[in-house]
């Protein structure tokens, strides 16, 4: 199978499957001659020689492949072979992906839009798991990966100056919409509140949560003010040559090296500062889901590369089966919630952020968590089903912030958390998860 690869609508390369387990990407002659900034990946500069991968797709094109429930729906619609053939799956969803890339069969129209979603209605409506599953089925060919059901929204520009013209019916993609599930109840509300903390200390994707607390609307940051694709976007799985399934199999050291390799000097310090803030937030919010797919670079050219706004932040420790998970990315050879002084030393040595500035970052994070505490209490009052989760979030945020401030880590003194973190009964103990990594529930007992 051959597919055409486009950058901002320009045909720049051809992707071809070679045998069962190899793929070849070749830039078109006109791209090589005159368009050096139309590269498919930061790791694949424009050149005459083809790129050969010992995998079915290059990492940058694996980045948007759906998984979980969304993949299941696509297999039902297009046949089980879709899941077994990444290039076939890419041919289905490749016109609607995050970033500036599109992939389609040669000669296929790129303008086929995804079906629009009425975001205002969704924020006010029923977003129960069953209702959201139906919505995902309706919009399954939108190309966003993820285990939590989520899909792209293609929004009609009816209010634009061109609304009365036929071209105004073109649908532009502005949002990613995510739901909750029985396994992760109120995960949308959890993420929204964590993003409120992050937004107070670093660039962060704007989020809105539905009235019932079950759906999250994330405003995309890879499009321009008109909702048109603008930024290239690559997560660190792609940048490090990892399959998406290996998103936990990297280190902060490797991420820092990728930044040195791809981010120009003028933007590097700010990128490192944001990575250091993200690492501190991981500890403060008890987010074990900070992995290589949840960190990304944005770019328009090799001279214009920076870290994307924060996205996909949540407190994972409040859910049964996840409460004992270690941090998603290791540093200095360990994944631990109690790194001691090593965290401060690592950030200084790796990101160039000295202890005094780190302490200022920690104070800003402490203030941000304290600011959002009342919003958690408000959500607990509005959504009875969220009450125990909210208690657990406040407890875990307290432990996270105080752990960072402790004498054994940053030694910055006690934290005045505020009234929102007091005056409620302890949350119930979460059920133990006795499953072992890599052990199938279908295996018989010994």
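The values are calculated or read from the model by the stated rules, or taken from the named source; none is laboratory data. If you're wondering where the values come from, they're calculated on a predicted model, not measured in any experiment. Don't worry about glycine lacking a Cβ; one is built from the backbone with ideal geometry, like all the others, and counts go over all protein chains shown.
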Within region 353-394, the residues that are over 25 Å from the mean Cα position of the chain (by Cα) and over 18 Å from residue 201 (Cβ atoms) are 377, 378, 380, 381, 382, 383, 384, 385, 387, 388, 391
Selection from region 251-289 of residues in a loop (DSSP other than H, G, I, E, B) and more than 30 Å from residue 415 (Cβ to Cβ) yields 263, 264
Going through region 218-250 in order, the residues found to be more than 15 Å from the chain's Cα centre (by Cα) and outside any loop (DSSP other than H, G, I, E, B) are 223, 229
Failed condition for residue 85, given (1) surrounded by 18 or more Cβ atoms within 10 Å (Cβ to Cβ); (2) closer than 17 Å to residue 244 by Cα, with all others met?
(1)
In region 290-331, anything in a strand (DSSP E or B), over 17 Å from residue 257 (Cβ atoms) and more than 16 Å from the chain's Cα centre (by Cα) is listed as 299, 300, 301, 304
Filtering region 91-118 for residues that are at pLDDT 80 or above, more than 23 Å from the chain's Cα centre (by Cα) and in a loop (DSSP other than H, G, I, E, B) leaves a count of 6
Going by the conditions given, is residue 286 crowded, with 23+ Cβ neighbours inside 10 Å and assigned by the TED database to the domain that holds residue 259?
yes
Of the conditions (1) within 22 Å of the chain's Cα centre (by Cα); (2) outside any loop (DSSP other than H, G, I, E, B); (3) under 17 Å from residue 282 (Cβ atoms), residue 346 satisfies every one except a single condition; which number is it?
(1)
Breaking point among (1) at pLDDT 95 or above; (2) crowded, with 19+ Cβ neighbours inside 10 Å, for residue 37:
(2)
Just one listed residue, out of 264, 244, is within 25 Å of residue 55 (Cβ to Cβ), surrounded by fewer than 20 Cβ atoms within 10 Å (Cβ to Cβ), in contact (Cβ under 8 Å) with a residue 24 or more places away in the chain and assigned by the TED database to the domain that holds residue 314, and it is 244
Helices (runs of 4 or more DSSP H) wholly in region 1-90 with at least 1 residues that are in the same structural domain as residue 109 (by the TED database) and over 23 Å from residue 107 (Cβ atoms) - which ones?
59-62, 68-78, 81-84
As an exercise: evaluate residue 340 against (1) part of a helix (DSSP H, G or I); (2) surrounded by fewer than 19 Cβ atoms within 10 Å (Cβ to Cβ); (3) out of contact with any helix residue (DSSP H, G or I) (no Cβ under 9 Å at 6 or more places or on another chain) and give the number of the one condition it does not meet.
(1)
Could we say that residue 198 is within 24 Å of residue 44 (Cα to Cα) and either in contact with a strand residue (DSSP E or B) (Cβ under 9 Å, 6 or more places away or on another chain) or free of Cβ contacts under 8 Å to residues at least 60 places away in the same chain (or both) here?
no
Restricting attention to region 181-208, report how many residues are buried (at least 23 other Cβ atoms within 10 Å of the Cβ) and part of a strand (DSSP E or B).
1
